[in-house]
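Below is one structure, written out as structure tokens; comments come after it.
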């Protein structure tokens, strides 16, 4: 099978570096171009010493002429940049965006949540919200894949099967998520320099975090109406990982066994989601450096309420690994190629 020629735009951020690490080990990928702005002329090993392979190109500035001989463009850029690149893609290109430019169904919602005008609204129609466990059968049909956000990945994977089967109440869902600081990018150190980043935990975006928009969109798509939830993210003094704690009301008291069985059944053939025995306590350490999502269903002191625990690595399952999983599905490789 011939190798895909790949371009990575935004290759020097935390998620970009992790993406290059994984792509470099993928047997059907040839990393042809690494692109950056302030890092032009540097080797990627400047940002991670393990990436010292002579096969890896030096970082160059992106220009549209590079796309002529490229199969896959990965964009790990600030919001607003992938939509610009999307206007240059040709019939042979697939664009996989790890930011938010193609996560929402409408330019109006994008403007509302990201305070940016979407400059490629026609391309939204050509894109898919590419949560692979849910959209696997549709991904091949699209040229633009919007990689889900890290928090939404940890939230949607446990909730979607249960809402789909109408097993839980769609009112008063409470989502408490905690992430390592790598999720905020390299600029996090300056942004939180007065917050004692490495020894404290901080709530942020309370009630209005941007990831509310894609969680709402994907859950409402199932119910064909509004799902009511509150989502609060927290920044923790660890580098990577997300743990989401989700409080839900049951439609029928004491139905935890049914909930657990449904999740096991739904994900039994999914390589990267593992449903643990009920009342298992999980941690981010269980999934670090993997493309896995671990989910556990737990009792509470109330018979009509349960807690879902969900853990992922934000840089892999919440970003680069999921992007490669989507590439594998798009091009017919084994789903776990490069992700074992």
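The values are calculated or read from the model by the stated rules, or taken from the named source; none is laboratory data. Computed from a predicted structure; not experimentally measured. Because the Cβ atoms are built from the backbone with ideal geometry, glycine has one as well, and the counts that use them run over all protein chains shown.
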**Item:** Criterion (farther than 27 Å from residue 212 by Cα, assigned by TED's automatic domain parsing to the domain that holds residue 11, in contact with a strand residue (DSSP E or B) (Cβ under 6 Å, 6 or more places away or on another chain) and not in a helix (DSSP H, G or I)) met by exactly one of 62, 102, 74
**Value:** 62
**Item:** Enumeration of residues in segment 247-272 that are surrounded by fewer than 22 Cβ atoms within 10 Å (Cβ to Cβ) and assigned to a strand (DSSP E or B)
**Value:** 247, 249, 250
**Item:** Where residue 145 falls short, out of the listed (1) in a loop (DSSP other than H, G, I, E, B); (2) over 30 Å from residue 305 (Cα atoms)
**Value:** (1)
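Any idea which residue in segment 181-198 is farthest from residue 76 (Cα to Cα), counting only those that are in a helix (DSSP H, G or I) and modelled with pLDDT of 70 or more?
Step one: filter segment 181-198 for residues in a helix (DSSP H, G or I), giving 181-184, 188-191.
Retained after the next criterion (residues that are modelled with pLDDT of 70 or more): 181-184.
Working: 181: 17, 182: 14, 183: 12, 184: 13 Å.
By that ranking, first place goes to 181.
Only one of 106, 179, 169 is more than 22 Å from residue 29 (Cβ to Cβ) and buried (at least 21 other Cβ atoms within 10 Å of the Cβ). Can you tell me which? Walk me through how you get there before you give the answer.
Numbers: 106 fails: buried (at least 21 other Cβ atoms within 10 Å of the Cβ); 169 fails: buried (at least 21 other Cβ atoms within 10 Å of the Cβ).
After applying the criteria, what remains is 179.
For segment 302-340, name all the residues that are part of a loop (DSSP other than H, G, I, E, B) and either under 17 Å from residue 21 (Cβ atoms) or at pLDDT 95 or above (or both). Lay out the reasoning, then the answer.
First, the residues of segment 302-340 that are part of a loop (DSSP other than H, G, I, E, B): 302-304, 313-315, 332-340.
Correct list: 313, 314, 315, 332, 333, 334, 335, 336, 337, 338, 339, 340.
Here is a yes/no grid of residues against (1) surrounded by fewer than 17 Cβ atoms within 10 Å (Cβ to Cβ); (2) in a loop (DSSP other than H, G, I, E, B); (3) touching a strand residue (DSSP E or B) at 6+ places or on another chain (Cβ under 6 Å):
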| residue | (1), (2), (3) |
| --- | --- |
| 200 | yes, yes, no |
| 207 | yes, yes, no |
| 215 | no, no, no |
| 219 | no, no, no |
| 227 | no, yes, no |
| 239 | yes, yes, yes |
| 243 | no, no, yes |
